[in-house]
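The values are calculated or read from the model by the stated rules, or taken from the named source; none is laboratory data. Because the structure is a prediction, the values reported are computed rather than measured. Glycine also receives a Cβ, built like all others from the backbone with ideal geometry; neighbour counts cover every protein chain displayed.
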Amino acid sequence: MDTTQRFAELIGGPEHEMALDEGALLIAAHAYPDLDVATELRRLDDLAGRCPARDVDGLVRWLFADLGYSGNVRAYHDPRNSYLNDVVARRTGIPITLALLAQVLGRRLGVELVGIGMPGHFLLRDRNDLTRFVDPFAGGARLDVSDCIAAFHALHGADIAFDERFLDPVGPTAILGRVLANLRGIFAAAADRRSLQWVLRLRLEIPGVPPEERAELAALLAAGGRFGEAADELGTLADLIGGELGDEYERSAERFRARLN
């Protein structure tokens, strides 16, 4: 299975049918080429089957108290915190992957949890209760709306206005895009060009991702001597943008093609 192609197929399908767990594992499979996605999905089945409760409180208590899943405060920027297989095995992660894990386990149990993409900190919410939130990074702490607002101001400062839309649910496409955005920042900071390339390729499958990220990918490819691939990316970008800027990208693509001769 070509994991990049399968990820593109998943993202390109109807969002309400998207398998969030498979999408997250396909991201991880780019870091672990030997990862067996089907085996990891069965591991999630087994994990869910061990949960003694089938309600939000029971799932949260079992996952974060009984099993001890928690936020990785010591190594927040470890890329393993963004790989679902590692989160399951190591019982630690970042807010979005811990929330993702709770969601996909909940789906197996008939427990409806939705992701809340509050800027700077990802949360969970009971789909059927607009006032009850869960902080997966803080061991499943229960929050109300005022707690969420306080957490936002603690992160961004008291002068930054809070928008109630920050507590709206986000779907699997946005969740996978945010996981990839986290990895993009990690690998860019570490100057890990090889990893950054596959992250950007996956990012470009996400609807709404700025097309200029394709120029970033082209630059990485060119830096590795892959001028033909870099030219193809810039040519695609030129077609997407059009106008004078598109013409500029096309000229850059031609310069890369010239280096193939």
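Key figures for this structure:
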quantity: Residue list for segment 214-261, restricted to those being closer than 28 Å to T173 by Cα, in contact (Cβ under 8 Å) with a residue 24 or more places away in the chain and either surrounded by fewer than 16 Cβ atoms within 10 Å (Cβ to Cβ) or within 24 Å of the chain's Cα centre (by Cα) (or both); calculated: R214, A215, A218, L220, L221, L237, L240
quantity: Sole exception among (1) under 26 Å from D45 (Cα atoms); (2) touching a helix residue (DSSP H, G or I) at 6+ places or on another chain (Cβ under 6 Å) for N128, by number; calculated: (2)
quantity: Options L143, L109: the member that is under 25 Å from R43 (Cβ atoms), hydrophobic (A, V, I, L, M, F, W, C), surrounded by 14 or more Cβ atoms within 10 Å (Cβ to Cβ) and in the same structural domain as A19 (by TED's automatic domain parsing); calculated: L109
quantity: Scope segment 60-84; condition touching a helix residue (DSSP H, G or I) at 6+ places or on another chain (Cβ under 6 Å), part of a helix (DSSP H, G or I) and either small (G, A, S) or exposed (fewer than 13 other Cβ atoms within 10 Å of the Cβ) (or both); matching residues; calculated: S82
quantity: Entirely in segment 105-197, the strands (runs of 3 or more DSSP E) that have 2 or more residues that are in contact (Cβ under 8 Å) with a residue 40 or more places away in the chain; calculated: 113-116, 123-126, 133-135
quantity: From the options A150, A181, residue that is among the small types (G, A, S) and modelled with pLDDT of 95 or more; calculated: A181
quantity: Residue satisfying condition, being more than 17 Å from the chain's Cα centre (by Cα), assigned to a helix (DSSP H, G or I) and exposed (fewer than 15 other Cβ atoms within 10 Å of the Cβ), within set D34, D57; calculated: D57
